Amino acid sequence: MTTSRPSPAPDAEPPREAEARGHVIRRRALTLLTIGLLIGIPAGYLVISANQSRDSGKDKEEKYSATGLTIGWPSKVQRRLYQIPVPAYSRDVAYYETNNYKVSRLYAQFLTSNTGLDSFLRNVGSDPSKLKRDDEAIGARDRHVAGWDFTGPGPWYGLTHDQKDPAPTLSVVVNRSNPDHPMVFVVSTTHP
């Protein structure tokens, strides 16, 4: 009895020849290289990115852990958020900002004219008549943080301008030892 072999389907692939050993090795090496690159490049990027992020955090930590004021004007955004409209043509301007999850503060100081002081107080919603002699409106803790010492020649005046949340509370101390150019110290406190 003769058995007949079934004929292959017309669209079936012909049987393959065995790959040469050198070709198998090259194909496997190329596959390993491709997989290595697909994993290695993103992993390398993540490592570099993490190092840059960590370095950036260290820079910010050093900047914000320093106590004392930074010479210069607070940014426009800071002045708007903390409602400290430093008058034009002010001198000796310096500031320091602190933030945590409960409270944010901007400490600012500037030397201005009597007109500049009046304008500043009116712009924050107060007026010069509310300044009280020898009023220590800025507490010891805030004076220590900013490095302020209010024991020099005066007279010294102060006021606290409370506002409804979310608007900041402003504590202001003014040194009038120079009657034409008062030195103004402000702490603006807001609760985010």
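The values are calculated or read from the model by the stated rules, or taken from the named source; none is laboratory data. On a predicted model such as this, the values are computed, not experimentally measured, just so you know. Ideal geometry is used to build each Cβ from the backbone, glycine not excepted, and the neighbour counts take in all protein chains shown. Just so you know, the surface numbers come from the protein's heavy atoms only, side chains and all, with ligands and any DNA or RNA stripped out. Shrake-Rupley method; radii C 1.70, N 1.55, O 1.52, S 1.80 Å.
A few comments on the model shown:
- Residue list for segment 164-180, filter: in contact with a Ser or Thr (Cβ under 7 Å, 6 or more places away or on another chain) and either modelled with pLDDT of 95 or more or within 19 Å of Tyr96 (Cα to Cα) (or both): Pro168, Thr169, Leu170, Ser171
- The residues of segment 84-102 that are of a type in the set (A, V, I, L, M, F, W, C), assigned to a loop (DSSP other than H, G, I, E, B) and farther than 16 Å from Ile138 by Cβ, listed by number, are Val86, Ala88.
So that you can scan it fast, the table gives a plain yes or no per residue for (1) hydroxyl-bearing (Ser, Thr, Tyr); (2) farther than 21 Å from Tyr82 by Cα; (3) surrounded by fewer than 16 Cβ atoms within 10 Å (Cβ to Cβ):
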| position | (1), (2), (3) |
| --- | --- |
| Leu117 | no, no, no |
| Ser129 | yes, yes, yes |
| Asp135 | no, yes, no |
| Thr169 | yes, no, no |
| Val172 | no, no, no |
| Asn175 | no, yes, no |
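- Screening Arg122, Arg105 for residues that are open to solvent by 20 Å² or more (accessible area, probe 1.4 Å), of a type in the set (Lys, Arg) and either over 20 Å from Leu159 (Cα atoms) or part of a helix (DSSP H, G or I) (or both) leaves exactly one candidate, Arg122.
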